[in-house]
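Single-structure report; data block below.
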Amino acid sequence: MKLKVEEDMQQSFDLYFVSSNYHKYQEAKNILDSFGINLGFFKHELEEIQSLSLKEIAAKKAVHAFQKYKKPIIVEDDGLFIDSLSGFPGPYSSFVFNTIGNKGILKLLKRNRRAKFVSIISFCNNKNSKSFEAKVDGTISKKQNGQGWGYDPIFIPKNSNKTFADLSNKNELSHRYKALKKFSNWYLHNLESNDL
Ligand code: IMP
């Protein structure tokens, strides 16, 4: 994995994904490839501001990432919002995953298991900064299923009976896919009309 990251960094790309999470980059690369956008990677943990708004967090991270790398970049911020917990963990999803984890979440839930996964993709270059938001509705499974990363073993998207971890086509329906699709439409349109 390390070699692959270094290899990616030596090439030149039109657009870079800045994150400490290689899983997110792999999925984003796979998705953007399908839209004809070749995505590079800068592995870096960006500082996060304290905010209840994922959009605000992502937008600030994007500006910082652009200031650091001076290349067109995107960053992503996600949140898992659980109905019966009034939207918790939401903007605290990363902290909650690293503390109580999937096991802890499963213990908190009873009958109402509805949840949504939200993704914000924020773009920044020397001319523009813009954010794109998308969500996938779903439910939290009764036990962990599959070997995926993060919340994948407990999140079942709507109209499916499998968790993200067990689905072979997660990248065609995830919150990340939907937000990146919105971004790609905007990016490719503006690239064509030389507005970027
Ligand atoms: P972050 O703060 O944007 O890194 O994401 C919040 C939390 O959600 C982290 O613990 C991520 O690992 C997790 N997460 C984000 N996207 C996904 C996903 O597609 N599958 C599983 N977990 C995810």
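Counting the residues of the stretch 65-100 that are farther than 22 Å from residue 139 by Cβ, within 11 Å of the ligand (Cβ to nearest atom) and without any contact (Cβ under 8 Å) to a residue 24 or more places away in the chain gives 3.
Looking across the stretch 61-84, the residues that are part of a helix (DSSP H, G or I) and surrounded by 20 or more Cβ atoms within 10 Å (Cβ to Cβ) come down to 61, 62, 65, 66.
Considering only the stretch 161-190, state which residues are polar (S, T, N, Q) and free of Cβ contacts under 8 Å to residues at least 12 places away in the same chain. Break it down stepwise before answering.
Pass one, the stretch 161-190, residues polar (S, T, N, Q): 161, 163, 168-169, 171, 174, 184-185, 190.
The answer is 161, 168, 169, 185.
Within the stretch 23-44, residues that are more than 17 Å from residue 191 (Cα to Cα) have Cβ atoms under 8 Å from residues that are open to solvent by 80 Å² or more (accessible area, probe 1.4 Å) and not basic (Lys, Arg) in these pairs: 40/9; 40/11; 40/12; 41/9; 42/9, counting only partners at least 6 apart in sequence or on another chain. Checked against (1) assigned to a loop (DSSP other than H, G, I, E, B); (2) within 12 Å of the ligand (Cβ to nearest atom), residue 180 passes all but condition (1).
Applying a threshold of 7 Å to beta carbon distances and a minimum spacing of six or more residues, or different chains, the list of pairs starting in the stretch 103-119 at a residue that is closer than 9 Å to residue 82 by Cβ and ending at one that is outside any helix (DSSP H, G or I) and at pLDDT below 95 is empty. Within the stretch 45-60, the set of residues being in contact (Cβ under 8 Å) with a residue 40 or more places away in the chain and open to solvent by 60 Å² or more (accessible area, probe 1.4 Å) comprises just one member, 55.
Out of the residues in the stretch 8-33 meeting the condition of being outside any helix (DSSP H, G or I) and modelled with pLDDT of 95 or more, tell me which one is most open to solvent (accessible area, probe 1.4 Å). Working first, answer last.
So the first thing to find is which residues in the stretch 8-33 are outside any helix (DSSP H, G or I), and the list is 11-21.
Now drop any that are not modelled with pLDDT of 95 or more, which leaves 15-21.
Details: 15: 0, 16: 8, 17: 1, 18: 5, 19: 14, 20: 57, 21: 38 Å².
In this case the residue turns out to be 20.
Checking each residue in the stretch 85-120 for being open to solvent by less than 80 Å² (accessible area, probe 1.4 Å), of a type in the set (A, V, I, L, M, F, W, C) and in a helix (DSSP H, G or I) picks out 85, 96, 97, 105, 106.
The values are calculated or read from the model by the stated rules, or taken from the named source; none is laboratory data. If you're wondering where the values come from, they're calculated on a predicted model, not measured in any experiment. For neighbour counting, all protein chains shown are included, and Cβ atoms are generated from backbone atoms with ideal geometry for every residue, glycine included. Accessible surface areas use protein heavy atoms only, side chains included; no ligands, DNA or RNA. Shrake-Rupley method; radii C 1.70, N 1.55, O 1.52, S 1.80 Å.
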